[in-house]
Amino acid sequence: MGTSKATDFVTMNIIESSMISACREMGITLMKTSYSTIFNEALDFTCAIASAEGEMWAVAEFCPAQIGGMPLIISSSLKEIPLETINPGDVIVHNDPYRGGLHTPEHTLFCPVFVDDQLVAFTVAIGHVAEVGGMVPGGFASEATEIFHEGIRVPPVKIKKRGEDVEEVWKLWLANVRTPRYNYGDMRALISGVEVGAERLAQTISKYGVDHFRKICADLMDYSEARMRAEIRDLPDGAYPFHDFMDNDGVTDQEIRINVECFIQDDEIVVDFEGSSPQVGGPINATLGVTWSAAYNAILHLTDPSIPKNSGCFRPIHVLAPAGTVVNVDFPAPEVGGNTETHPRIAGAVIGALAPASPERAFASEGGTHLNFVFGGQDKANDEYFACYDIEVVGWGATRHADGNDATDSINGNCRVTPVEVFETRYPWLTEEVSLIPDSGGAGATRGGLGTRRIWTCLDAEITCSQLTDRHVHQAWGLNGGGSGTSGMTLYMAAGSSEWQNMMQAFGKSSTSKWSNVVIKPGDRVEIVTPGGGGYGSPAERDPELVQEDLAEGYVTAERAKADYGLGAGGD
Amino acid sequence: MSRLTVGIDVGGTFTDFVAYDPEGKEVTVWKNLSTPANPTDGVLQGLKQLTDSIRNLRLGTTVATNAILERRGARVGYVTTKGFRDVPFIQRGNRKHHYDASWVKPKPLMKRRDCFELDERMLASGAVHKAVDPAEVEAMAEEIAARGGIEAIAVNLLFSYVTPDHEIAVRDILAKALPDVPISISYEVLPKWKEYERASTTIADAFVKPIVSRYLTDLGTRLKERGGVENVAIIKSNGGEMTTDAAAASPIHMTVSGPTGGVVAARHIAAQLDVGNLVTFDMGGTSTDCSTVVDGQESFTTNFEIEFGVPIQVPMIDIRTIGAGGGSIAWIDKGGMLRVGPQSAGANPGPACYGFGGTQPTVTDANVILGRISPENFLGGTMALDMAKARAAMQAIAEPLGLGVEETALAVLRIVTNNMTGALRSVLTERGQDPRDFALLAFGGAGPLHVADLMGEASIPTGVVPNHPGQFSAFGFIMTDARVDLERTVQMTSSRFDLDRANEVMGQLVSDALGNLKAQGYEQGLSVSRTLELRYLGQNYELEVPVEFETFDAETVQRAWATFHDLHKARFGFNIPREVIEVITFKVTAISVRETPHLPTLPKASGAPEPTAHRQVHYDDGALQAAVYDRASLGDGAVIEGPALVEEPASVTVLRPDQTLTVDSHGNLIIRNR
């Protein structure tokens, strides 16, 4: 038996890398043909391969927020579109948070892969489409109080049947969004991506034969499961509690508790969110798929990154999320911010909980928000409506061995910021400044990463803006004696004024971090400050040479170098 | 009378030499050990064996690349628009890997304290929002001088690709005030949008300028002392040559110098074979390079990162490197899976069979165990290999796998083949190419060993092993032309296309490119080609559309749009005929053709080729007796049926049992599946 087992490991290596290269190819098609900058500059999408039952077999590295929820999306969809009704050439689209989805902007496309007349697999692309209708241009209706405010819900439907576009679905969808030309391009890209992947995967499956291929994929999931169990076994058994807070939900000024207790026993982990706040009126509720993704994301950060990513990894991880809470929301509450804002808070809480068990890999909290600044208006030059979803980057938490990275996308994304020169070519803003913020990283033996500042002036159009962010109040926590990162801020200065105000002061909004449909006029300015990351270990233990270097480079000011690290004045 | 053309490729371990004598139509190849402390020592040493004088000496060098990778360049002062000094530090905000909390974001090639901001601003439209104040620039120059230690300056102002006036004004003032400090301005280095990528490229240019300049001056002096060398040129990342003066002025064009020779040679081989499409497979000890020749032309990119977070986006041949080669180590991971690489045994200790102390099994050890490399005839018999050590190393991983030593070695090769297939696929399918339309050109020390297996796995019907596979880049240098690629972002759309502006921009690029060649003294065989980078309005990546007319007018521009719709359909499977097209980049290539070598041909083979030996070679289907041939003995038209091996000093070509090899009139080995 030894021989057959060994041969499998070799073929498994080969099939896994073939699947990943098919996923990458899907991703490249998406990147090159899509229209939204959140897609093609920020790369906010995921490409994966799933079994006909919805188990994930392989995924390419693009955006990690989405992988944990994928099995739920597919299994939910198959309840409404039974497998036997799916034909070659069909493509299914879905975005409904209340049918296993993550949030309305995230559209999941999947394409069946048939070999020898059997449906063996699906190629899956999940992408963030910037405009989905609803209360605000750009998808993030931060004052929404029900799902219907958040844009068009797309239950699982076929957008292509046997290779032909289903015109009715296209018409219905495009009639409900503000930027149909862009949405058309993004949807075409998603379809093209899953079709390219399906073609490539079919070749691989044919080569090995359906049964052999399925067997190898089953073995591959077992292998990842075994690797994950071995990692968990290395962590000491015990109960590990932690909690963090969201500032508010955008509707009511009340903090929201994310409570977690992780139980490690031998080679399994239970992640229990009992004690988290009941679901809230505003749009930061997380669907179960988001909470799964966040818990998995945290644990993947604390274990060997080389474990192949598939559903097998998640078998030893059990997530308990009570229904009706902020981590498992019930219909019809709003939830668009759950996927971007609540996810990092959940993932951070799990990392915080497990830090005593995994001190080498755990890290202090990162800024934990994507800033989600969305806006729309009339493009005079091209005589059409534009909508943009802009993300900003944050300071990351320090690890035991290194300072936190400056200006890096939060843990549930891996998005890129849009270049100023591309941004200003497309949108009527003038950027005055894009900078790192000194002293924004939490003090520590290793220091938290720095947040950023961006200042815009509105040029020659009225722009309708909304934002859904967090950590204006509750800062990124440090670990083992490390200090917190500084808070984020969003400020506004009216044309002709010289006073910066927050959105509560300027527009009477309920929250400084979550506000909708503010009309910015020519000459008005907006400043977005992103949170810094937490520090690790006592600042007293920081190497004085590193403090000197930070001071010389302007990462800390002389004042903080003295206050936090005791560096004497003029000690250059 | 000077007559030779000599190509020299300075690598990490060896410096390769190829000399072409146009009178005798002879090609001579040799190599000697590189001298990393001063690479010019190795070059001069190797030239000692030439008695004829040299007309053209062309050098591929890693001096700029190594300076960047080892962070050994100049202290750079960075000058930018007020509010934007942190752009090189913020970068794009993405991480290299998900889930790896130990990843540390790279810092740029200069210190934050050496960044200087100017209160000036251009707009996307090209309008001046805030003019440059010369007094402010003069004060900045004083500050830089007073600070001391700044060895080079990079200037990158927002929207300089739209209107370079501010950058040029700043450069002129700084140059006057700081005459000894070299200055790189982004408009000259890379007049394209995206401020971070342009900053990184411009900073890298300034960073390597002093070190490259010193290196080239020293090289020039020592070649002059030696005497007998008429022209010295440096190979650019675009596969063309440039004078040493041009190289010193824009060293950023040298970052991928050496490997381009293999691709240029591939273009000539494609012509020799009369095939349009080749994919190159250059496998060495620690890394493998892949690239393509499509319709007889090399493929180019401006999307290169020398390492994660350090983009260098000047136009260059699109060569993809993966960190896997003959020295890659096979190992068993924590879950029991067999893996190959990315760790490499390198040259020291090297594979276990080298006997230099390596104990971990490598790809080369697998090839020795399987009978593909002869322990007695490695590197032309100059280095004996230790089979027992190779087997002992492989045995250590065979046991946990429950496999025999040979089976394990075969498994290692299967995984290598699959990894290489991924690399080939990435260069082909990312451009929408079908592997079945290509021939696979294998070179480097290890390429010919793996070509036969790769053909099957990658669905490539024909394999080719050219002459001089071990010195193939240097071989390419005897065929290079002088080449300048210029491009500029000038955004417009098909619905409102400004014919005058388009003609002005393209005309300027053409005259700049030709002017650049002529200023270097390249006057003969000049030709120009033009392309546009287009996309649908809203997309973010462009397709390159050839412009086969000299002037944009109402009629010709329609042809460009039609071509784009066709290309989009061919590449991505769909197009949007009613959609507005956005123009992003205007591009021009100017070439001055150098002499084309007349490569020697082989005498006709007389009868069937004679094997020098037979030995047992392990294939997936079992062990077979393979005939072994000496490549030097093969004539034009010789036919060899697999299983077989063709040995030459630099490499071994392996033939599978189901393959036939023929030798063409130039000596290329052509492999086909039966």
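Since every read-out is calculated from the coordinates, none of them should be taken as a lab result. Every value quoted in this text rests on a predicted model; they were computed, and no experiment measured them. All Cβ positions, even for glycine, are placed from backbone atoms using ideal geometry, and neighbour counts span all protein chains on display.
Helical content of the protein assembly as shown, expressed as a calculated mean residue ellipticity at 222 nm, amounts to -9500 deg cm²/dmol (DSSP H runs of 4 or more residues, -39,500 (n - 2.57) each, divided by residue number, nearest 500).
Put the Cα centre of segment B:372-446 next to the Cα centre of segment B:316-330 and the gap is 13 Å.
Please work out whether segment A:178-305 counts as rounded, prolate or oblate from its C-alpha gyration tensor, where a ≥ b ≥ c are the square roots of the eigenvalues and a/c under 1.5 means rounded, while otherwise a/b larger than b/c means prolate and anything else oblate? Oblate, because a/c is 1.5 or more while a/b does not exceed b/c.
For the peptide B:417-427, the mean number of other protein chain Cβ atoms found within 10 angstrom of a residue's Cβ is 3. Shielding value for B:526-536 is 1, the average number of Cβ atoms from other chains within 10 Å of each residue's Cβ.
Using Cβ point charges alone (K and R +1, D and E -1), the dipole size of segment B:543-596 about the Cα centre works out to roughly 240 debye. Each residue of segment B:557-657 gets 255 Å³ once the volume of the Cα convex hull is shared out per residue.
Rounded to 0.05, the FRET efficiency of the residue A:495 and residue A:80 pair, given R0 = 56 Å and the Cβ-Cβ distance, is 0.65. Short-range pairs are left out: with C-alpha atoms under 8 Å and at least six residues apart, the relative contact order of segment A:150-277 is 13 percent. For residue B:587, a cut-off of 23 angstrom between C-alpha atoms picks up these lysines, skipping any fewer than 8 places away in its own chain: A:32, B:192, B:194, B:236, B:518, B:569. Return the Rg/Rh ratio of segment A:335-375 with Cα-based radii and a Kirkwood Rh. Using Cα coordinates only, the ratio equals 1.11. Dividing the convex hull volume of the alpha-carbon atoms in segment B:487-614 by its residue count gives 234 Å³ per residue. The reciprocal of the average 1/r between distinct C-alpha atoms defines the Kirkwood hydrodynamic radius, which for segment A:254-300 equals 12.1 Å.
Take each peptide in A:398-406, B:45-53, count the other Cβ atoms within 10 Å of every residue, and average; sorted highest first, the result is A:398-406, B:45-53. Length, then width, then depth: along the principal axes, the Cα atoms of segment B:1-86 run 63, 25, 16 Å. In a fully extended conformation the segment linking residue B:556 and residue B:168 would gain 136.3 nm over its present Cα-Cα distance, using 0.36 nm per residue. Taking amide H as placed 1.01 Å from N in the peptide plane, residue A:328 has its amide H under 5 Å from the amide H of A:286, each at least 5 places away in sequence or on another chain. Taking every residue in A:303-316 and counting other chain Cβ atoms within 10 Å of its Cβ, the average works out to 2. Taking square-rooted eigenvalues a ≥ b ≥ c of the alpha carbon gyration tensor, is segment B:385-530 rounded, prolate or oblate, where a/c under 1.5 means rounded and, failing that, a/b exceeding b/c means prolate? It comes out prolate by the Cα gyration axes. Largest first and in whole Å, the equivalent-ellipsoid semi-axes of the protein assembly as shown read 48, 38, 30, each the square root of five times a Cα gyration tensor eigenvalue. Taking only the Cα atoms of segment B:164-277, the ratio Rg/Rh comes out at 1.07, with Rh defined as the Kirkwood radius. Counting every C-alpha pair in chain B, the share spaced more than 38 angstrom apart comes to 39%.
With r as the distance between the Cβ atoms of residue A:252 and residue A:218 and R0 = 45 Å, compute the FRET efficiency 1/(1 + (r/R0)^6) and round to 0.05. Approximately 0.40, to the nearest 0.05. Take residue B:566, project a point 7 Å from its Cα along the Cβ direction, then tell me which residues of segment B:533-560 have their backbone nitrogen under 11 Å from it. Residues B:546, B:559-560 fall inside that zone. Absence of a disulfide-compatible partner, taken as no other cysteine beta carbon within less than 4.7 angstrom, is noted in chain A for A:63, A:111, A:217, A:262, A:313, A:388, A:415, A:458, A:465.
Per-residue 3J(HN,Hα) values for segment B:385-401, derived from phi via the Karplus relation 6.51 cos²θ - 1.76 cosθ + 1.60 with θ = phi - 60°, read 10, 9, 4, 4, 5, 4, 5, 4, 5, 5, 4, 4, 9, 5, 4, x, 7 Hz in sequence order (x marks Gly and Pro). Semi-axes of the equivalent ellipsoid of segment B:280-397 are 32, 18, 12 Å, computed as sqrt(5λ) over the eigenvalues of the C-alpha gyration tensor in descending order. Taking amide H as placed 1.01 Å from N in the peptide plane, the amide H of residue B:636 sits under 5 Å from that of B:604, B:605, each at least 5 places away or on another chain. Pairs of alpha-carbon atoms within less than 8 angstrom and 6+ residues apart define the contacts here; what relative contact order does chain B have, in percent? In percent, rounded to a whole number, it is 12.
Cross-link reach is defined here as a Cα-Cα straight distance under 22 Å, omitting same-chain residues fewer than 8 places apart; for residue A:380 the lysines meeting it are A:521. Working note: Debye formula, equal point scatterers on the alpha-carbon atoms of chain A, no solvent; log10 I(q)/I(0) at q = 0.05, 0.06, 0.07, 0.09 Å⁻¹ is -0.20, -0.29, -0.40, -0.67. Measuring nothing but how far apart in sequence close Cα pairs (under 8 Å, 6+ apart) lie, relative to its length, segment A:334-432 scores a relative contact order of 23 percent. Over every Cα atom in segment B:335-419, the radius of gyration and the widest Cα-Cα span, Dmax, amount to 12.2, 41 Å.
A protection proxy built from the mean count of other Cβ atoms within 10 Å ranks the segments B:14-20, A:340-346, B:114-120, A:127-133, most packed first, as A:340-346, A:127-133, B:14-20, B:114-120.
Here's the list of aspartates and glutamates a cross-link from residue B:604 could span, going by alpha-carbon distance under 17 Å and ignoring same-chain residues fewer than 8 apart: B:630, B:636, B:664. Using the average count of surrounding beta-carbon atoms within 10 Å as a protection proxy, the listed peptides B:421-432, B:488-499 rank, highest first, as B:421-432, B:488-499. Projecting the Cα atoms of B:395, B:259, B:445 onto the charge dipole of chain B (Cβ charges, centred on the Cα centre) puts B:395 farthest toward the positive pole. Computed from label points 7 Å out along Cα-Cβ, the spacing between residue B:596 and residue B:665 is 1.4 nm. At a Förster radius of 30 Å, what calculated FRET efficiency corresponds to the Cβ-Cβ distance of residue B:633 and residue B:295, to the nearest 0.05? Computed FRET efficiency for residue B:633 and residue B:295 comes out at 0.25.
Label positions at residue B:497 and residue A:168, each projected 7 Å from the Cα along the C-beta direction, are separated by 4.0 nm.
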